[in-house]
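What follows is a set of notes on a single structure, which appears directly below.
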Amino acid sequence: MAAASISATGCNQTLLRTSFYGGWGSSISGEDYQTMLSKTVAPPQQARVSRKAIRAVPMMKNVNEGKGLFAPLVVVTRNIVGKKRFNQLRGKAIALHSQVITEFCKSIGADAKQRQGLIRLAKKNGERLGFLA
């Protein structure tokens, strides 16, 4: 606790002087205020940080990589055939499957929005089954 002293010089002058800064009801005379200011420590300077957020380069990566029924088969095939050739074959297979979906949509009279929804569904199912591992 802070020590407090009561001044007997009158009610209008300092009634309560505390030894801590910012006490309730404390009154500071001019000299005491200058002394107190000289003893206060300036807040530490903070390093400037750029406001631009550092963005990581997004990677197209399957969240289910290595999971799914066909994932082991896909990984073994990729290792045997080679990554470049495997991605070419995968691209052709995906394109053919998209064509089949498009032809199906034409035959049943589905619009482009429904066709796109079916293609997205096929991609999600492929991820779950491990075809995109």
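Close contacts from the range 87-103, counting a first residue that is more than 13 Å from Lys123 (Cβ to Cβ) and a second that is part of a helix (DSSP H, G or I) and open to solvent by less than 90 Å² (accessible area, probe 1.4 Å), with Cβ to Cβ under 8 Å and a gap of 6+ residues or different chains, come to Leu89/Val81; Thr102/Arg115.
Taking the listed residues Leu73, Leu69, the one that is open to solvent by 80 Å² or more (accessible area, probe 1.4 Å), of a type in the set (A, V, I, L, M) and not in a helix (DSSP H, G or I) is Leu69, with no other qualifying.
The residues of the range 97-118 that are open to solvent by 40 Å² or more (accessible area, probe 1.4 Å) and among the β-branched types (Val, Ile, Thr), listed by number, are Val100, Ile108.
Scanning the range 80-133 for residues that are of a type outside the set (Asp, Glu), assigned to a loop (DSSP other than H, G, I, E, B) and farther than 15 Å from Phe70 by Cβ gives Gly82, Gly109, Ala110.
The values are calculated or read from the model by the stated rules, or taken from the named source; none is laboratory data. Note that the structure is predicted; figures quoted are calculated from it, not measured. FYI the Cβ positions are ideal-geometry reconstructions off the backbone, even for glycines, and counts take in every protein chain you see. Note: areas computed on protein heavy atoms with side chains; ligands, DNA, RNA excluded. Shrake-Rupley method; radii C 1.70, N 1.55, O 1.52, S 1.80 Å.
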